[in-house]
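The values are calculated or read from the model by the stated rules, or taken from the named source; none is laboratory data. This one's a predicted model, so the numbers in the text were calculated from it and none came from an experiment. No Cβ is skipped: glycine too gets one built from the backbone with ideal geometry, and neighbour counts run over all protein chains shown. Heads up: the accessible areas ignore ligands, DNA and RNA and are worked out on the full protein's heavy atoms, side chains in. Shrake-Rupley method; radii C 1.70, N 1.55, O 1.52, S 1.80 Å.
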Amino acid sequence: MSIKLVVLYPTPTDPAAFERAYHAEHMPLMRRLITPDERTPTFKIVGPQSAPFYRMAEVHFETLEALTAFATSAEGKHARASAQRLSTGGETVVLVCQADAR
């Protein structure tokens, strides 16, 4: 079973400052906190201009138990705090997605 944590960032108050902090601070932190076995692709939303979200990140886990272990760990709490500090346009939206078995 494959589990994906999706983090959606609302449009920030200052996109340039968000991009600097996201790439220089937040993503390096995430790469240190998440084991090297987990993928963390990120995406910038490019349209439409009225989209409610500016950026999306994915964190892939092999099992729901692995995601739960990370989410409840000190590292997971540190990661969430970093994402919230970065999100100046509002609260981040976090989704837990499970791959279809089909």
**Item:** With all protein chains modelled, accessible area of Thr92 [1.4 Å, Å²]
**Value:** 20
**Complete:** Here FRET efficiency (C-beta to C-beta, Glu58 to Ala17, R₀ 25 Å, nearest 0.05) is 0.60
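Heavy-atom accessible area per residue, the chain, 1.4 Å probe: how many Å²?
On the way: 6330 Å² over 102 residues.
For the chain, the per-residue accessible area is 62 Å².
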**Message:** If you average the alpha carbon positions of region 24-97 and of region 2-18, how far apart do those two centres end up, in angstrom?
**Reply:** 8
**Protein-only accessible surface order, largest first, of Phe61, Phe43 at 1.4 Å** = Phe43, Phe61
**Asked** Label point 7 Å out from Ala66 along Cα-to-Cβ: which residues of region 1-28 have amide N under 16 Å?
**Response** 1-6
**Request:** Could you list which residues have their amide H under 5 Å from that of Ile34, counting only those 5 or more apart in sequence or on another chain, with H placed in the peptide plane?
**Result:** none
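So which trypsin sites (Lys or Arg not before Pro) in region 1-90 are both in a DSSP loop and have at most 13 other Cβ atoms within 10 Å of their Cβ?
On the way: sites: Lys4, Arg20, Arg31, Arg32, Arg39, Lys44, Arg55, Lys77, Arg80, Arg85; in loops: Arg39.
When the trypsin sites (Lys or Arg not before Pro) of region 1-90 are filtered for loop state and at most 13 Cβ neighbours within 10 Å, Arg39 remain.
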**Request:** Just the number, please: carbon plus sulfur as a percent of the accessible area of the chain, 1.4 Å probe, no ligands or DNA/RNA counted.
**Result:** 58
**Asked** In terms of modelled amide H atoms, which long-range or inter-chain residues lie less than 5 Å from the amide H of Tyr54?
**Response** Tyr9, Thr11
**Asked** For semi-axes √(5λ) of the Cα gyration tensor in Å, which listed value, (i) 23, 17, 11; (ii) 35, 13, 9; (iii) 27, 19, 10, comes from the coordinates shown?
**Response** (i)
**Asked** Which listed residue (Phe53, Met30, Thr40) has the Cα farthest towards the positive end of the charge dipole for the chain, taking +1 on Lys and Arg C-beta and -1 on Asp and Glu C-beta about the Cα centre?
**Response** Phe53
**Asked** In nm, to one decimal, how far is the modelled label at Ser50 from the one at Val96, with both set 7 Å along Cα→Cβ?
**Response** 3.4
**Request:** Before anything else, pin down the relative contact order of the chain: Cα pairs under 8 Å, at least 6 apart, normalised by residue count, whole percent.
**Result:** 53
**Request:** Read phi for every residue in region 88-100 and hand back ³J(HN,Hα) as whole Hz from Karplus 6.51 cos²θ - 1.76 cosθ + 1.60, θ = phi - 60°, with x for Gly and Pro.
**Result:** 7, x, x, 5, 5, 10, 10, 10, 9, 10, 10, 5, 5
**Asked** Between Val6 and Met27, how many nm apart are label points set 7 Å from Cα along the C-beta direction?
**Response** 2.0
